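The values are calculated or read from the model by the stated rules, or taken from the named source; none is laboratory data. The structure displayed is predicted, hence computed values, not measured ones. Here the Cβ positions follow ideal geometry from the backbone for every residue, glycine too, while neighbour counts run over all protein chains shown.
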Amino acid sequence: MRPPSALPHPGHQTGPAPGADAICAVAAACVISGESLTGRRLFLLLLGLVALLALLILSRFHPLVHLFLGIWVPLPILLVGWRLGAGAAVFLALAGVVALWGLYPLQVIFLELLGPGYPLAFGLLLVLGTSRGWPLSAALMITVLVLGFISLGLFLGQALVSQGSLAELWSGKSQEVAALAARMLKETGISLPDPQVLGIPLGSFQELIRQIFPALTLINLALTAWLNTLVARWLVITFGGEVPGEPFSRWACPEWLIFVFLVAGFGLLIPWAWVRQASLNFLLLGGLLYFFQGLAVLAHLLQHFKVPRGLRGVGYILAFLNPIIFLVMVIGLLDLWLDFRGLQSSRQA
């Protein structure tokens, strides 16, 4: 005879052992969900790769096409990197480098100061910075500065290889930029700006470009990084993802920037040409940062009063038009003292 089974312990399973069926069911569910997750990650990676290659290929047909499409090359890298990790961003950047190798001769890439490759570096550096826990604003600033120093190094390398003077190379690059800007403005029906608006006796539009060429380089880098970051944040949040950093409506310039801005303004009154040129470049860079802060104030007000998204988009577009762009910059500058968003009181609390 079989001995009687022991009395069940309170809280123990008394029925048939659930091990086989339950464990198999859980394992099957884990495998299915894992395959689904892997398939989704692969789909997002392939989608980002297709979008990146399409932007790189289409942006080389015409300067205007490059202007409107080329600046969005970092976007797929940012989206894929923030959703799938830094490794996926590195993969897309390497794929973009291979594509550039096939689309452009190596000599052209070097002579253009790696112009086609800058957007790839934007996206990759921003993803790597935020993946290391850096604040998004710090990652943006470091990215712009790193690429600015890379531009300077390549510029010096070109002068060394061509065995020409820095002044000649500087003049040639600025003339190329001025000619390209004049061509694009002419094709879009926009009249050329008058250099006398700045109150500085400049001979021509080409001379203006030559004097502010360093600031234009950094402004181009900063605008590209900033626009891609905003759009990437919006897309990730829209589809239920998490993004690093605080909302753009809470962003503000460092308080010490006002001293640099004021010194640059007074520097325009000094009769030495090189001091005025350096001051003009610093003034433009400071104006760009205060323009960003003015846009942040505008974004805060539009969100606070619950303005529909369509009207918000119209407001952001109008903010980039002349002379509203100067008004937005002044709002950003006044926000340092008037604190339109209550940031200073919230930080003190």
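Below, the figures for the structure above:
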item	result
Some residue of region 318-328 being of a type outside the set (D, E, K, R), surrounded by fewer than 17 Cβ atoms within 10 Å (Cβ to Cβ) and under 14 Å from Ser249 (Cβ atoms)	no
Every residue from region 140-151 that is touching a residue at least 40 places away in the same chain (Cβ under 8 Å) and aliphatic (A, V, I, L, M)	Leu140, Val144, Leu147
Filter result for Gly245 (among the small types (Gly, Ala, Ser), touching a helix residue (DSSP H, G or I) at 6+ places or on another chain (Cβ under 8 Å) and more than 24 Å from Leu208 (Cβ to Cβ))	yes
Matching residues in region 266-282 - criterion: being assigned to a helix (DSSP H, G or I) and over 28 Å from the mean Cα position of the chain (by Cα)	Phe266, Gly267, Ala273, Trp274, Val275, Arg276
Test: residue in region 242-254 that is aliphatic (A, V, I, L, M) and loosely packed, with under 13 Cβ neighbours inside 10 Å	no
Yes/no for Arg60 being in a helix (DSSP H, G or I) and either more than 15 Å from the chain's Cα centre (by Cα) or of a type in the set (Val, Ile, Thr) (or both)	no
Condition check for Val307: farther than 27 Å from Gly148 by Cβ and surrounded by 12 or more Cβ atoms within 10 Å (Cβ to Cβ)	yes
Of all residues in region 246-265 being in contact (Cβ under 8 Å) with a residue 12 or more places away in the chain, aromatic (Phe, Trp, Tyr) and not in a loop (DSSP other than H, G, I, E, B), the one that is farthest from Phe305 (Cα to Cα)	Phe261
Selected residue (criterion: surrounded by the fewest Cβ atoms within 10 Å (Cβ to Cβ)) from residues of region 229-241 that are within 17 Å of the chain's Cα centre (by Cα) and not aromatic (Phe, Trp, Tyr)	Ile237
Residue within region 65-85 that is modelled with pLDDT of 85 or more, exposed (fewer than 15 other Cβ atoms within 10 Å of the Cβ) and not in a helix (DSSP H, G or I) present	yes
Conditions (1) crowded, with 18+ Cβ neighbours inside 10 Å; (2) modelled with pLDDT of 85 or more; (3) touching a Lys or Arg at 6+ places or on another chain (Cβ under 8 Å); number of the one not met by Ala178	(2)
Any hit, region 283-305, residues being free of Cβ contacts under 8 Å to residues at least 40 places away in the same chain and outside any helix (DSSP H, G or I)	yes
Residue within region 291-301 that is surrounded by fewer than 17 Cβ atoms within 10 Å (Cβ to Cβ), modelled with pLDDT of 90 or more and more than 26 Å from Gln211 (Cβ to Cβ) present	yes
Residue check for Leu333: more than 20 Å from the chain's Cα centre (by Cα) and buried (at least 20 other Cβ atoms within 10 Å of the Cβ)	yes
